[in-house]
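The values are calculated or read from the model by the stated rules, or taken from the named source; none is laboratory data. In this text, all values refer to a predicted model and were calculated from it rather than measured experimentally. In this analysis, Cβ positions are derived from the backbone assuming ideal geometry, glycine residues included, and neighbour counts consider all displayed protein chains. Accessible surface areas use protein heavy atoms only, side chains included; no ligands, DNA or RNA. Shrake-Rupley method; radii C 1.70, N 1.55, O 1.52, S 1.80 Å.
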Amino acid sequence: MFPNYKNYEISCKNVQFVAAFTSCLNMMAIGAIMGWMSPTLPKLKASPALADNPLTRPISSEEGSWISSLMPLGTMFGSFGMGYIAERWGHKKVLLASTLPFVLGWILVGTASDIAQIYVGRFVQGSSMAMTFGVLPIYIGEISQSSNRGGTSILIEILLSCGMIYSYSIGPYVSYRLLCGLCACLHLLFFAAFALMPESPHYLLSKGLKEEATMTFAKLHDKSIDEVRDDVLRMQFEMQQNRDMSSSMRWRDLARDGFNRRVVVVTAILVSLQHLSGIDILSYYIEDIFRSAGLDDSAVYIIVAKVIQVFGTLLSPVVVDRFGRKSLLVVSSLGCGLATVTFGAYFYLKSVEYDVTGLRTMPIAGLVVFNVFFGIGWGPIPWTILGEMFAPAIKPKATAVCTFTMRSVSFFALKIFANVSEALGQYAIFFFFSFCSMASVVFILVYIPETKGKTFFEIQNKLQSKNGAAKNSTTL
C-alpha cells in the first residue's frame, strides 16, 4: 500500500522523487556488484595467495576477465524475457522479485571455494540485472511528470555510482566474505523500502484497474482524485490508441516497421556508445589500472574520482534544463574522449620506456576528468532517453533489444581488456575508447532528438512527424 503522502504535505515532485529514489536503491545494490571487482580482483590475483583468498590460489588474468564479463553475459541472456514478465506481473513486482536471485548470487559468490562457483554466482547476478535494466527506466519515466522526468531519471546513475563507492570504500578493508555479505544487505534494504511504493499508473490502466490507477496518479501528483480524472481519461485514451497495436506486435513486426526499427536501432546504438566510452573498464579494473601505472595507494583516488562523478551527475538536471540533453551528451563525449586519450598517452609513453615518474598524476587527472564528464552526460541521459523514446506498443520488446545490445558491448569490453592489454598494450584500448567517444559526437548530432520537457506522446508525435517529413533523410 502506497503511503498517504498528503498527510505530510509534500509536493508532487517530492512524492515522485521518493518513489523513484526507493526504486533506484536497486541500482545502488547493482553498483556494489560492479564495484566489487575493483578491490577484490587484486586480492584474488595476488601471488602468493593471500589468507583472504577463498580459492587458496592466485587466479589468472583470463579467469579474472571471466569473473568480470560473465555478469553482462548473464544480463544479455536475461533481457528478452523481461518485457513479457513485466507485462504480466507489473513493473513493481518484477523489481521486487529481482531481490531473490541477486541475494542468491551473493551467496554463491560469498561461499565459493572454487572458481566455477564464482562464475555461476556472477552469471546469476547478471541475469537478475536484466530485470532492473529492462524495467526501471520505464517505471521511473511513467511515474514522473515530464517537467521533472530528467531529475528523477538521474537517480539511476547517482545511486549506481553510490553503490560503486560503497564497494570501493569498504572492499580494501574487510574480508572477501564480509564484503559479499555487506553488498547483499543493500538488496534487502531496497526490498523493504520499495515494497511501500505504488505500481505505475500506466500499468494499472493497461490491466483495467482504472480506480486504482486514478488514486495512484492523484498521490503521485499531490492532487485530489476529482482533479486528476480528466488526466487519467486522457492517458487512458492515448493508451487505448496503442493497445491493439501492442497486443498484435510481434518481433518480426518490430523489425519490419521502418519507423520503429529506426528508433530501436538508434537507441540501441546510443546506450552501446555509453559503454564504449570506457566506463566499464574504468569501474571494474581501475585498481589494477592504477597499479600498472605505478600508483600503489590508489583506493583514495578512486573514491574521490567517483564522488566527483556523483556531483557531476547532480549538476546534470540543472545544465540539461538550460542546454538540453543532446548538447550535454556532445560535451560529455568530448570530455570522456579527452580523458581516455590521456590514459592512452600515459601507457604509450610507459610502453616505450619513457620515464613517466613525473607524469604519474596523468592517470589520476584522466580519471577525474572522465568521471566529471561522464557524470553530467553519458551517465544519466541514456537512461532517461531509454524510458522516453519508445511508443507503448513496442516499449517492452524495444527495451529488451537495447538492454541486450548494451550488455553485449559491456561483455565484449570487459572480456577483451586483459587480452588486448597483454597483446597490444593498455594504451591501444584506451585510444580505441577515445575514438569511440569522438565518433559518438557525430552520431548524437545527426540521430538523437531533443526530448527535454516533452510528454511520451509529444515525443512520439515529433518522431513520427520528422520521419514522415524526411523519409529519405539520414536524420531521425
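So the values come out like this:
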read-out: Filter result for Phe370 (of a type outside the set (Lys, Arg), under 25 Å from Thr313 (Cα atoms) and either over 16 Å from the mean Cα position of the chain (by Cα) or in a loop (DSSP other than H, G, I, E, B) (or both)); value: yes
read-out: Criterion: at pLDDT 85 or above, of a type outside the set (A, V, I, L, M), farther than 21 Å from Ala345 by Cα and out of contact with any Gly (no Cβ under 6 Å at 6 or more places or on another chain) - qualifying residue of Lys471, Lys415, Lys462; value: Lys415
read-out: Qualifying residue in the range 157-177 (condition: under 21 Å from Ser68 (Cα atoms) and not in a helix (DSSP H, G or I)); value: yes
read-out: Long-range neighbours under 8 Å by Cβ, at least six apart or interchain, first residue of a type in the set (Val, Ile, Thr) and at pLDDT 90 or above within the range 354-369, second assigned to a helix (DSSP H, G or I) and open to solvent by 70 Å² or more (accessible area, probe 1.4 Å); value: Val369/Leu338
read-out: Of all residues making up the range 170-194, the number that are under 18 Å from Met37 (Cβ atoms) and either open to solvent by less than 40 Å² (accessible area, probe 1.4 Å) or modelled with pLDDT under 85 (or both); value: 10
read-out: Single match in Leu276, Leu328, Leu282 (criterion: open to solvent by less than 50 Å² (accessible area, probe 1.4 Å) and free of Cβ contacts under 8 Å to residues at least 60 places away in the same chain); value: Leu328
read-out: All positions within the range 285-310 that are without any contact (Cβ under 8 Å) to a residue 60 or more places away in the chain and in contact with a helix residue (DSSP H, G or I) (Cβ under 6 Å, 6 or more places away or on another chain); value: Ser298
read-out: Enumerated helices (runs of 4 or more DSSP H) restricted to the range 24-130, each holding at least 2 residues that are open to solvent by 50 Å² or more (accessible area, probe 1.4 Å) and touching a residue at least 12 places away in the same chain (Cβ under 8 Å); value: 61-89, 99-110
read-out: Residue that is most open to solvent (accessible area, probe 1.4 Å), among those in the range 331-360 that are farther than 19 Å from Phe433 by Cβ and assigned to a helix (DSSP H, G or I); value: Thr357
read-out: All positions within the range 76-104 that are modelled with pLDDT under 85, under 24 Å from Val409 (Cβ atoms) and not aromatic (Phe, Trp, Tyr); value: Met76, Gly78, Ser79, Gly81, Met82, Gly83, Ile85, Ala86
read-out: Residues that are at pLDDT below 85 and of a type in the set (Gly, Ala, Ser), drawn from the range 133-169; value: Gly134, Gly141, Ser144, Ser146, Ser147, Gly150, Gly151, Ser153
